[in-house]
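This report concerns only the one structure given below.
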Amino acid sequence: MDRKRAIEHFLHYLPHHPAIGGRSPASILIGHTQAYANLVGHLIESSASSAGLVFQAMDLDDTPTERLAAAIVEADLYIFFYDASTLPNPRAEGPSFIRALQPVISEHWKKSLLFKDYGDFFYDTFSVAPARIADLNAALIDRMSQGEVLSFTDPHGSHFEASLRDMKKWTNINGVGNYDLAPGEIATHSETINGHVRFVGTFLGTIPFARKYGVLETPLEMWIENSTISRIATEVPGLEQDFNKYLDANPSNRRIEELGIGTNEGVKHLYARNAGFEERHCGLHLGLGGGAKGSHHLDLIFDSGTLAVDDQVVFSDRSGYLV
Ligand SMILES: [Fe+2]
């Protein structure tokens with residue numbers, strides 16, 4: 001892994017964040033726990049050549065909440081590196097400094113970059129050349145906009161189709177100008193997903209399915225009618241009950257609100273860390289919930305499968321992208 005290159009790529013994207021928008025000089029607060037001290041050290045060292053970015057680092061565990069809060073308010077952008085879901089005894093609300101800072105974090109979310117539970121996978125996430133991701137995303141969006149039907153199949157027996165004509169505009173997450181800097185995804189919303197999937201992969205969301213169930217090896221079966229999950233079945237102990245509880249909690253949780261396609265070839269596997277970068281894993285993910293108040297967004301990230309536009313394969317986990 002070329003850590004130096006990954007940090008260069010990260011520093012390439014950073015000035016394009018909407019909160020900075022090319023402004024120079026820009027003041028950037030980096031809050032981190034001890035586990036990320038090395039990474040932050042490298043980042044600040046490497047940034048010496050990026051004129052215009054002025055960094056200030058603070059230890060999230062040792063710095064008083066008031067000082068951190070004031071620094072957040074003052075900064076043009078603040079970046080946090082910390083672990084929550086991967087801690088030995090995780091809490092739903094996150095570590096104590098996150099709970100203490102929640103009001104100021106919510107108020108200033110537009111200038112936040114939270115790298116939660118990334119660990120050393122930060123370097124994988126930024127390992128791919130920015131031009132490769134930009135080209136791949138553009139080529140895929142182009143293919144999607146010219147096609148009629150998107151289909152998904154996988155070795156476990158999944159199959160669904162969606163009309164490309166009725167889809168919303170694709171969001172292009174290539175790291176340039178996105179609120180979430182982790183590059184490598186295109187995403188949209190479709191009302192016409194119909195089929196039956198035998199989901200094998202991992203979860204990402206505020207409800208910690210990923211930490212409880214890891215990377216599923218036994219499928220979670222789902223019947224999908226017009227982008228709504230009508231019924232599920234699985235032999236994974238406990239999962240059927242847990243998942244039905246989630247689906248029943250809010251009508252939006254049953255809706256596929258997001259059809260996402262990861263394009264980051266640096267994310268090699270799924271790890272069930274409940275970390276944002278896993279959504280960039282190449283191939284399909286479906287995001288449930290998040291479309292209505294009180295619902296919870298939960299991504300189902302597929303481990304394998306084939307995506308085709310009008311029966312022409314554009315991605316398979318064996319051969320990668322073919323656009
Ligand atoms: Fe997504």
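For the reader, a short list of remarks on this structure follows.
- Highest-fluctuation residue, Val54, Val128, Val309 considered, GNM on the chain with Cα pairs under 10 Å: Val54
- Sorted into 10 angstrom bins from 0, the C-alpha pair distances of the stretch 112-198 split as 15, 35, 33, 17, 0 percent.
- Mean-square fluctuations from a GNM of the chain, with a 10 angstrom spring cutoff on Cα atoms, peak among Phe277, Phe203, Phe160 at Phe160.
- Of all aspartates and glutamates in the structure, the ones whose alpha carbon falls short of 17 Å from that of Lys245, not counting any fewer than 8 places away in one chain, are Glu221, Glu235, Asp299.
- Across the chain, C-alpha contacts under 8 Å between residues 6 or more apart give a mean separation that, scaled by the residue count, equals a relative contact order of 16 percent.
- With contacts taken as Cα pairs under 8 Å at a separation of at least 6 residues, the stretch 201-323 carries a relative contact order of 26 percent.
- Between 0 and 90°, nearest 10: helix 3-13 axis offset from the chain longest Cα axis: 90 degrees
- Here's the list of lysines a cross-link from Lys168 could span, going by alpha-carbon distance under 28 Å and ignoring same-chain residues fewer than 8 apart: Lys110, Lys111, Lys293.
- Debye-formula intensities of the chain, expressed as log10 I(q)/I(0) at q = 0.06, 0.08, 0.10 Å⁻¹, are -0.21, -0.37, -0.59 (one equal scatterer per alpha-carbon, no solvent).
- The stretch 22-181: equivalent-ellipsoid semi-axes (sqrt of 5 x gyration tensor eigenvalues, Cα, Å): 35, 21, 16
- Mean sequence separation of contacting Cα pairs (under 8 Å, at least six apart), scaled by the length of the stretch 1-58, corresponds to a relative contact order of 42 percent.
- Long-range Cα-Cα pairs in the stretch 161-317 (distance over 25 Å), rounded percent: 24 percent
- Within the chain, antiparallel bridges make up roughly 75 percent of the DSSP beta bridges whose residues both belong there.
- CD proxy at 222 nm, helix term only [per DSSP H run n ≥ 4: -39500 (n - 2.57); per residue of the chain; nearest 500]: -7500 deg cm²/dmol
Any read-out appearing in this document is the output of simple, stated calculations on the displayed coordinates, not a laboratory observation. This is a predicted model, so every value here is computed, not measured.
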